[in-house]
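First comes the structure, then the notes that go with it.
Laboratory data are not the source of any read-out in this text; all were calculated from the coordinates shown. Quick caveat, the model's predicted, so the values are computed rather than measured. Using ideal geometry, Cβ is built from the backbone for each residue, glycine included, and neighbour counts are taken over all protein chains shown.
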Amino acid sequence: MMPRLAALFVFALIALLQTTAVADERPNIVLLIADDLGYGELGCYGGEEIPTPHIDSLAEGGVRFSDGYVTAPYCAASRAGLFTGRYQTRFGFEFNPIGAENEDPQIGLPVDERTIGDTLRDAGYVTALFGKWHLGGTAKFHPQRRGFDEFFGFMHEGHYFVPPPWPGVTTWLRRRALPDGSQGRWASPDGRVIWSTHMGNREPDYDANNPILRNSQPVDERQHLTDALTREAEQFIARHRSQPFFLTVSYNAVHSPMQGADAYMGRFAHVEDVHRRIFAAMLSHLDDSVGRILASLRAHGLEENTLIVFLSDNGGPTRELTSSNLPLRGGKGQLYEGGIRIPLILQWKDRIQAGRADARPVISLDLAPTFLGAASIPIAADRYDGVNLLPYLSGEQTDPPHEMLYWRVGRKAAVRQGSWKAVREGRGRQAADTWEYITSPKTSTRRRIWLPRRRRNFRRWWKSGRLSTSKWSSRCGEPRPHSKPGRAPPRFRRRGSLAKRSEVRLRSRTFLSSAAKGDAGILDPSGRVDQFLCGSQRRLVQGGDGDRRVFLSEHVPAVRAGGAILVFAPDLAIGALPPAGGVGGRAEGHVHSQPYALAGNRLVARAR
């Protein structure tokens, strides 16, 4: 009897040790989300004006994806795809709820969609989300009902970083008119509050019925919100250091309202434009907060076995924030590269080779199956649109992770395959079918073959019925999608590449500001900008006085001085051919904090 008991004890002990070993090997997972951060701002993505050493250190210790995408060009829909690992259009989450729409009981991440938090929590992870949610503001959509054990943050699209009267920060607000009824900028006597009418709209009431919550209870948070979210993350790591955890820190920086903390404003006192200075302060503050989380992991001996992901939820709204997407075209709200291609960095020191740059196209859908793969949790192939990236990073898989990537926002649509991308942008009659060349084609034969073949593939995807229709319309005027699920959108026009069409149309114009990557401004003999191809497709807003005027499309700035015009296109090296008569003398200034200079008949963009 005794030998049998001893044997059972030994077997039980071995099983316990094996279980403990597996638990110890399961990595922690930390997901860091920036809000509205443009592709070109981080140092590791070529940004030079605002140091971001802590975020850059993740790229130095892991892998930086040059072609990382999100599934939508704005916040809520992008997050729906990120947290489910599925194209959000499949379940009708296609637009961006704003303000009171967040409290509509029908708007939110459908309750029958499982989040990555659900799956990891059911597998033994402790889970938390701190920061912005924006996936439904009513009870059934609350983060604690969507896979997160702990929640600290807010439910809507944005929040002020400090409570009124906004002590310790400089605040930039959008307004329709200044105190005297005029247009432009106005600053309070102490310089703490700046109003600007450049956007033509008013700052949303972000805090209306949108309190800071701890789990489900409102709290009176007095600390700067970026610091408060970081504090919660540090405390969570300390509490759960002995068990595997999934921590999401969803910062609302650098999203509006723009509020720069005093210490960081002083750090960038040399930045002349206060608009840009506030943005720099917010990004630097965010970077220091990421550094605090990394330091906390190191202090508890967890960094080596923690999979850390940093990404932005969409491209930067350059005109609103100065958040730069260079060298990409377009920005937030658009399906051009600048709206959906974002900084994406993975670090897992135990598993991922450090200091790598990966040019293969990947998408935020890949993160959910990657997290499951890291945690040794079975991945249901029929559930996820993304793939586990770990075999691709280890070299086990050498093929591209995706044959094609897809996007749809109402009548806007895009598809990428290899180095090619088709885009349908604009609204209603202004919708335009264009082609973006992510990498220029090597031969004209390849170009001729690609266009009709890829069009057929694109239409076949929509006709397959795999994507649903949106469950609500867009507040910003986007038409509702097609009434029948899976019905194909309007076909791409068979008129060749946009670059070719632009050249034909320009034969009757007197001016071309030409960029290698496709952006073009056209000035007709009367001296006005009448077209902006490859850009916003919306009416340009004109400001300034005299013969120096500033033209601002929604995402791409341009400046006119005398008879010449400079469009700040991706390569920032654009010459101008002015109308007859020429322009003499010199002029210089700033547009969206981008310095320019006019010398004789040539306008050039100067380095920041």
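What is the distance, in nm, between label points placed 7 Å from the Cα along the Cα-to-Cβ direction at Arg145 and at Ala299?
It works out to 3.6 nm between the two label points.
How large is ³J(HN,Hα) for each residue in region 71-81, as worked out from phi by the Karplus curve 6.51 cos²θ - 1.76 cosθ + 1.60 (θ = phi - 60°), to whole Hz, x for Gly and Pro?
8, 7, x, 8, 4, 4, 4, 4, 5, 4, x
Could you work out how much longer the chain between Ala381 and Arg192 gets when fully extended? Use 0.36 nm per residue separation minus the Cα distance between them, nm to one decimal.
Result: 62.8 nm gained on full extension.
When you count, for each residue, the other Cβ atoms within 10 Å and take the mean per peptide, how do 42-52, 398-408 rank with the highest first?
Highest-to-lowest ranking by the protection proxy: 42-52, 398-408.
Ranked highest first by the average count of other Cβ atoms within 10 Å around their residues, in what order do 414-425, 294-305 fall?
414-425, 294-305
Amide H neighbours of Arg329 under 5 Å, at least 5 residues apart or on other chains, H built in the peptide plane: list them.
Under 5 Å from the amide H of Arg329 lie the amide H atoms of Glu337, Gly338, each far enough along the sequence or on another chain.
Simple spin-label model, 7 Å along Cα-to-Cβ: Asp220 to Asp207 in nm?
Distance between label points: 1.3 nm.
Using packing as a proxy for protection, rank 162-173, 362-373, 73-84 so that the peptide with the highest average count of other Cβ atoms within 10 Å comes first.
73-84, 362-373, 162-173
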